[in-house]
Amino acid sequence: MDITGKLAQANGRLKAHRVGVRIEQMGEKLYLQATLPAKPGSHKSKPHQQRIALGIGAHPRGVQMAEQEARKVGALRDCGEFDWMPYLKTATGSSDSVGEWIRRFETEVRTTVSETTWRTEYQQVFSRLPSDQVLSADVLLEAIAQTENHTRNRKRYCTTLARLAQFAGIELNVKPLKGNYSYTEVDPRTLPTDREVAEWFYKVPNPQWRYVYGLLATFGLRNHEAFFLDTEPLKRGKFWVEVQSSKSCKHLVWAFYPEWVEQFGLRDGQLPPGESGSHAAYGHRVTNQFSRYEVPFSPYDLRHRWAVRTLEFGLPDSHAAKQMGHSVTVHEKIYHHWITAETHQRAFDVLMLRGDRPQPPPV
């Protein structure tokens with residue numbers, strides 16, 4: 001039910017009478033927002049902007065009830081007699097369990113994000129919460145504490161659970177918990193050499209999984225992208241493929257080295273049978289096979305090695321980033337952090353061997 005007009009009218013009346021409290025709709029419930037004293041047990045001591053969970057539904061009658069409550073809160077606040085206890089009881093009623101709040105949040109948010117984003121950024125985090133307990137800051141902080149500090153996983157938990165807390169009107173300060181994870185904080189991994197990459201192609205015993213390995217190594221694909229390729233250009237003698245279903249939009253990607261297309265038999269290979277459905281499921285299949293065959297590096301190491309290799313070939317960052325399906329900014333943050341002196345030297349050598357390179361002026 002659309003109550004936007006009713007909310008605007010109620011908030012207009014509250015503002016005209018200088019009540020200092022605003023009504024907000026979040027999901028199927030109404031909340032009050034105002035500058036209020038710190039909640040009991042809060043790390044803050046001074047009044048600040050907070051939400052009050054009313055337990056009132058988002059419907060016309062609910063707006064009337066919320067407006068009455070807003071006037072009451074405003075009056076109590078102005079005379080210094082506001083008390084959080086009645087509202088904390090409302091916010092922790094039996095209907096406000098973790099599972100109930102997640103269902104409300106899903107109703108509100110899921111249609112605004114992709115299926116993959118919902119599953120990896122939200123569902124996986126929410127699955128670690130105790131669904132039958134009352135949703136509180138302590139429950140969310142406990143879940144965050146179970147993750148390793150200064151990791152992408154910790155940062156993901158903080159971001160996702162902070163959004164759930166905001167949705168539920170719960171005060172949750174995750175800033176001190178996020179750590180200092182960033183692309184540049186990650187230790188540069190020891191990537192395999194191109195010789196090692198080529199040698200391990202022949203050590204994969206299953207020809208269909210060997211084909212997957214060859215695609216990842218030659219085109220720098222994400223794990224799942226090997227199963228979502230248009231390989232017709234290869235069959236026509238070209239050296240590029242089109243990623244059809246990806247974390248980003250469709251994009252073309254070229255072979256670096258082009259010799260590997262023939263060497264690895266990529267023009268007529270066959271993928272392993274079986275339908276796994278989601279990108280994550282396909283990705284797990286690839287990771288599991290690498291582990292099964294005891295490949296001493298990860299599938300993503302092949303992708304990372306492809307990216308560094310393009311630098312050695314002299315491919316501009318903008319081209320490499322587009323072929324990898326991410327932005328130039330992301331490309332620079334990740335891969336420039338890994339460039340060694342040897343990589344710079346190989347790129348220099350390639351450029352200097354060009355017959356059309358600029359020459360020094362005669363003297």
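Numbers for the structure displayed
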{"read-out": "Answer residue from the range 98-114, given it is part of a helix (DSSP H, G or I) and among the polar types (S, T, N, Q) and is nearest to GLN166 (Cα to Cα) among those", "value": "THR107"}
{"read-out": "Check on ALA162, at pLDDT 85 or above, under 21 Å from ALA38 (Cβ atoms) and under 18 Å from the mean Cα position of the chain (by Cα)", "value": "yes"}
{"read-out": "Failed item, numbered, when GLY179 is tested on (1) over 24 Å from GLU28 (Cβ atoms); (2) outside any loop (DSSP other than H, G, I, E, B)", "value": "(2)"}
{"read-out": "Matching helices (runs of 4 or more DSSP H) fully within the range 1-96 where at least 1 residues are out of contact with any strand residue (DSSP E or B) (no Cβ under 7 Å at 6 or more places or on another chain) and at pLDDT 90 or above", "value": "4-16, 60-78"}
{"read-out": "The range 296-331: number of residues that are without any contact (Cβ under 8 Å) to a residue 40 or more places away in the chain and more than 22 Å from the chain's Cα centre (by Cα)", "value": "7"}
{"read-out": "Members of the range 115-140 that are assigned to a helix (DSSP H, G or I), farther than 12 Å from SER97 by Cβ and either in contact with a helix residue (DSSP H, G or I) (Cβ under 8 Å, 6 or more places away or on another chain) or not assigned by TED's automatic domain parsing to the domain that holds PHE105 (or both)", "value": "THR116, TRP118, ARG119, THR120, GLU121, TYR122, VAL125, PHE126, ALA137, LEU140"}
{"read-out": "Some residue of the range 190-201 being at pLDDT below 95, among the basic types (Lys, Arg) and surrounded by fewer than 19 Cβ atoms within 10 Å (Cβ to Cβ)", "value": "yes"}
{"read-out": "Test result for ILE170, crowded, with 17+ Cβ neighbours inside 10 Å, in contact (Cβ under 8 Å) with a residue 24 or more places away in the chain, aliphatic (A, V, I, L, M) and part of a helix (DSSP H, G or I)", "value": "no"}
{"read-out": "Residue in the range 279-289 that is farther than 25 Å from THR117 by Cα and assigned by TED's automatic domain parsing to the domain that holds ARG222 present", "value": "no"}
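The values are calculated or read from the model by the stated rules, or taken from the named source; none is laboratory data. Computed from a predicted structure; not experimentally measured. Glycine also receives a Cβ, built like all others from the backbone with ideal geometry; neighbour counts cover every protein chain displayed.
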